[in-house]
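Notes for the one structure printed next.
No value in this document is a laboratory result; all are computed from the given coordinates. In this text the structure is predicted, and so the values were computed from the model without any measurement. FYI the Cβ positions are ideal-geometry reconstructions off the backbone, even for glycines, and counts take in every protein chain you see.
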Number of protein chains: 2
Amino acid sequence: MMGDKRSSGDIRPIGVVRTTVTDGIDEGWGDVESRIEIDPELADGLRGLDEFSHALVIFLMDRSTFQPASDLVRRPQGREDMPLVGIFAQRAKHRPNPIGVTAVRIIGMQGNILRVIGLDAIDGTPVLDIKPYFPQFDAPADPRTPEWVVTLMERYF
Amino acid sequence: MMGDKRSSGDIRPIGVVRTTVTDGIDEGWGDVESRIEIDPELADGLRGLDEFSHALVIFLMDRSTFQPASDLVRRPQGREDMPLVGIFAQRAKHRPNPIGVTAVRIIGMQGNILRVIGLDAIDGTPVLDIKPYFPQFDAPADPRTPEWVVTLMERYF
């Protein structure tokens, strides 16, 4: 069963995000429209995706940094009204692996281009994977979060 | 703004999955209990995660393969009753980048160990990231999927 395992070092972008947003922002992503340009060799892999209303986009936040001393435990968005929590208990981009995962609405697809709304990634962001949104994988029945999450996210999307 | 960008080739495991499941299976994951062992140097990053009911686990399906000729467009689980769809329109592990994303229930946390239910990853799977489940990122109001998804997922979890 061992064989030639694939390694995390083998991960390569499959495409890129194109949008007018060029700087990381902490609000207003819900109205942002983006184009995901998939490597033309992989374009056939999109077949049938437009029968789904939503997709998960897995992307590389390649302009972010991670400094353990300041980022392993931090206040979300550096806000004084937020608690000190670990990086694995928040969605900040300052992560050991700068991988973003966001559920977006699909609004169009043609050739190797997927058009989506609500992707919180700046122009030029490498895309690592696209998955159809399956409620069976992605939507637990009764998710519970601490109160600070509601405050933090008030204007993000 | 360019500076030293982080590259996909810099991605490294932050931990590993421990479970009694050692072979990929296509059903019954919903009852599987797993332990995620985080690199002890990163254990502080879990602080506060146990205030969430669910987490997204991002993992590397390192025993999977990807052959464009057979995997770019395929029938989910190789089933004759499934349509021919692109790999980005299905959740199969035979992906260009073998990254898995699954929402799991958190049942315990101690030191560098996170205990979860419903993680569809075999023993020894490298973990790339853990994120708290935020409905604002992860739960769109009205996801729609084609009919075949319901049939495919009947016994998966």
Check: Which ³J(HN,Hα) values, rounded to whole Hz and listed in residue order, are derived for region B:30-39 from phi using the Karplus coefficients 6.51, -1.76 and 1.60 in 6.51 cos²θ - 1.76 cosθ + 1.60 with θ = phi - 60°, glycine and proline given as x?
Finding: x, 9, 6, 9, 10, 10, 9, 9, 8, 3
Next item on the list: Starting from the Cα of A:K5, step 7 Å toward the Cβ, then list every residue of region B:104-148 with an amide N under 14 Å from that point.
Entry: B:122-128
Next item on the list: List the lysines whose Cα lies under 17 Å from the Cα of B:K5, skipping any in the same chain that are fewer than 8 positions away.
Entry: A:K93
Item checked: Given charges at beta-carbon only (K, R positive; D, E negative), |dipole| of the protein assembly as shown in Debye -> 320 debye
Notebook entry, point to check: Hey, what did chain A get for relative contact order, percent, Cα under 8 Å, at least 6 apart?
Noted result: 37 percent
Next item on the list: Give, rounded to the nearest 20 debye, the magnitude of the charge dipole that region B:103-150 has about its Cα centre when Lys and Arg contribute +1 at Cβ and Asp and Glu contribute -1 at Cβ.
Entry: 180 debye
Next item on the list: State whether the protein assembly as shown is rounded, prolate or oblate according to the following rule on the C-alpha gyration tensor (a ≥ b ≥ c being the square roots of its eigenvalues): a/c under 1.5 gives rounded; otherwise a/b larger than b/c gives prolate, and the remaining case gives oblate.
Entry: rounded
Check: Between B:Q67 and the same site in the other copies, what are the distances in nm, shortest first, taking label points 7 Å from Cα along the C-beta direction?
Finding: 4.9
Note to self: For a protection proxy built on the mean count of beta-carbon atoms within 10 angstrom, sort A:146-156, A:107-117 highest first, please.
What the structure shows: A:107-117, A:146-156
Next item on the list: Would you please give the residues with an amide H less than 5 Å from that of B:I99, counting only those at least 5 places away or on a separate chain, with H modeled from the backbone geometry?
Entry: B:M61
Note to self: Using a 10 Å cut-off around each Cβ of peptide B:114-125, what is the average number of partner chain Cβ atoms that fall inside?
What the structure shows: 1
Item checked: 10 Å Cβ neighbours from other chains, averaged over peptide A:81-93 -> 6
Next item on the list: Per residue of region B:134-150, in order, report the coupling 6.51 cos²θ - 1.76 cosθ + 1.60 (Karplus, θ = phi - 60°) as ³J(HN,Hα) in whole Hz, putting x for Gly and Pro.
Entry: 9, x, 5, 8, 10, 10, x, 5, 9, x, 10, 10, x, 4, 4, 5, 5
Item checked: Shielding by partners, peptide B:66-72 (average Cβ within 10 angstrom, other chains) -> 2
Check: So how far apart, in nm, are the two label points at B:E147 and A:D39 if each is 7 Å from Cα heading toward Cβ?
Finding: 3.6 nm
